[in-house]
Amino acid sequence: MTQLPEHVKAAILCGPVPKMRQFRNLPVDKLTRAEKVILFAERHLRIPDGEHVGQPIKLDAFQEAWLRAVLDNPNGTRLAILSIARRNGKSFLLAVLILAVLVGPLAEPNITCASAANSRDQASLVFRMMHQMIQQSPDIAAVTHVTPSSKEIRGLPLNTTYYAMSAEAKTGHGRSLKYIVLDESGQIRGPSSEYTEMLRTSQGSYSDSLFATISTQAPSDADYLSIMIDDATRSQDIHTVCHLYTSPKELDLLDPKGMIASNPGLGVFRSKSDLVNQLTQAKRLPAMQAGSENLLLNRRVAQEHLFLSPQVWKLNRAAPDLEVFRNNPVSVGVDLSARNDLTAAVAAAVDSETGHVHLLPFVFCPTQGIEERSRRDRAPYAAWVNTGEMHTCGGASMDYQQISEKLRDLFSDLGIEPATIEFDRWRIDDFKRACQETGFAQSAIWNSVGQGYKEQGPRCDTFLSLCLEGKIHHGNHPLLNMAASNAIATMDPAGATKLDKSLATQRIDPLVAAVAAVYPVSEGANGLGSDLGWWVG
């Protein structure tokens, strides 16, 4: 047995720890599935491009470890994840795996496999790599038929088939796929997509199918790949393998330990001098740092245009205390959004002893078409309705009468009385009229909040400052989490920021309402919080 390198061992989050051994002189009947694939690559495949083009392939230790964990898992592997920084032989490893399925030791009669990606360009990368390998390997070329126009490759001995598929081309529907490799799943924004759902359901004909993805990390906790990695880490499912190569956040960008921890192909697939040059530039230019951490060090870091980083939001996950709302002034931020989208009302109150601001969100959506909205917004609205974390109202569109009635009843049941309502002027007359008719917030002061930088800048700054200090209690409410993970702030020349709904990948209405609600009750609002001292609960 040979020892696993420390950086490889540290990357194993889920799945069996692979046993590395000297196997190249063993008879075929003594080899594992992974060892047969490794020998297939070394003996039959050639390096497709670069300075070593045409030379026999030699897999690196991290690639061999991942293949062993996936293919030699005694429980069988249904989901395999490998997350590494850019330019570490990702497409190379995918190409080897798929060719092993087509004409190598994993081939079975008449099976179909595919590589998938979000874009046509990304989908073509693995196909191009496979095609180049076949061209450089005469014995493989003799048993395959390549159709470049449709990005299809057939294995002639067992009638196996490979397709390159992309979400843009909407390919893959109706196919039964035993092996799927999803390339760069970190680019998928939101918790899921119609395309990934189609890919997973296409494997329903097989009890031993394999869904694999190799990708750089997504920037947000709420994105598809992040959710998969976190679930694998928590569940420790015996049918899942997850290897994550990432630089620890406490290390400096140029720390050699962090470079090898996130770039296991350093010096082989990845140029060390190029990596150092790019990270050095990122240290000089702060605007580049977040993107460089994500792509070059494989850290889950929000890009610079995100309003809140996942790390900062996590600092504030403490649960709200209802007594804070009952014993202190309460401000309610309202974001009505469009008639057929989400309406959010978020209550905020500050604990006079600690200065911490507690949040209670109430989010509404139309009753009809909730499944369609879930697919469109890539969010499990129906599940949140079932758990009471979201409320339905009206039919196909919002009914402000029902919303105001529901808010009246919810606030009454909780023993909370709003002191102020902070609102955007859009459609507020309809909502205010409904509140008057139903008796919600009758004693509250209604404050109009402009949506320009002048009015939004102080509110965004106050909310962000409180978050940085860990003084927001959002209780991990899923709709606030969704909004915080996707909210993008734009900046004017003076440095003032505001949230921009048009740039967000998912709905951010709950966070918009929260930002509006927090400002009047917080200590950072130039004394506005103390101005509510007249209020008696």
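Points worth noting:
- Descending semi-axes in Å of the chain, equivalent ellipsoid built from Cα gyration tensor: 51, 25, 19
- Cα gyration tensor shape for the range 6-245, rounded if a/c is under 1.5, else prolate or oblate: rounded
- Cross-link partners of K36 among lysines, defined as those whose alpha carbon lies under 24 angstrom from its own and excluding same-chain residues fewer than eight positions apart: K9, K19, K58, K90, K178.
- Charge dipole of the range 6-245 (Cα centre as origin; +1 on each Lys and Arg Cβ, -1 on each Asp and Glu Cβ, all else neutral): 440 debye, rounded to the nearest 20.
- Listed as lacking a disulfide-compatible partner in the chain: C113, C365, C393, C435, C460, C467, by the criterion of no other cysteine Cβ under 4.7 Å.
- This model, with +1 at the C-beta of Lys and Arg and -1 at the C-beta of Asp and Glu, gives the chain a dipole about its Cα centre of some 2040 debye.
- Considering only the range 312-534, percent of DSSP beta bridges that pair antiparallel, nearest 5: 55
- Relative contact order of the chain, defined on C-alpha pairs under 8 angstrom at six or more residues apart (%): 14
- Over the chain: helical MRE at 222 nm, DSSP H runs n ≥ 4 each giving -39500 (n - 2.57), nearest 500: -11500 deg cm²/dmol
- Residue (of L94, I472, P191) at the positive-pole extreme of the chain, dipole from beta-carbon charges: L94
- Flagged links, alpha-carbon separation over 21 Å, of K249/K283; K432/K501; K406/K454: K432/K501; K406/K454
- Debye, to nearest 20: dipole size of the range 223-358, +1 on Lys, Arg Cβ, -1 on Asp, Glu Cβ: 500
- Global geometry of the range 312-534, whether rounded, prolate or oblate, following the gyration tensor of its Cα atoms and the 1.5 cut on a/c: rounded
- Arranged from fewest to most other beta-carbon atoms within 10 Å of their beta carbon, V449, V515 become V449, V515.
- Fully extended contour minus Cα-Cα distance, from T387 to V17, at 0.36 nm per residue: 129.4 nm
- Length-normalised contact order for the range 6-245 - Cα pairs under 8 Å, 6+ apart - percent: 28
- Ranking of Y206, Y381, Y519 by count of other Cβ atoms within 10 Å, fewest first: Y206, Y381, Y519
- When the range 173-294 is described by a simple charge dipole with +1 on each Lys and Arg Cβ and -1 on each Asp and Glu Cβ, the residue from T246, L225, M259 located farthest towards its positive end is M259.
- Simple rule: put +1 on each Lys or Arg Cβ and -1 on each Asp or Glu Cβ in the range 370-441, find the dipole, and look at T438, T392, G415; the Cα lying farthest toward the positive end is T392.
- Of all DSSP-defined beta bridges confined to the chain, some 45% are antiparallel rather than parallel.
Values quoted throughout were computed directly from the atomic coordinates according to the rules given, and no laboratory measurement underlies them. For clarity, every value in this text was computed on a predicted model and none was experimentally measured. Ideal geometry is used to build each Cβ from the backbone, glycine not excepted, and the neighbour counts take in all protein chains shown.
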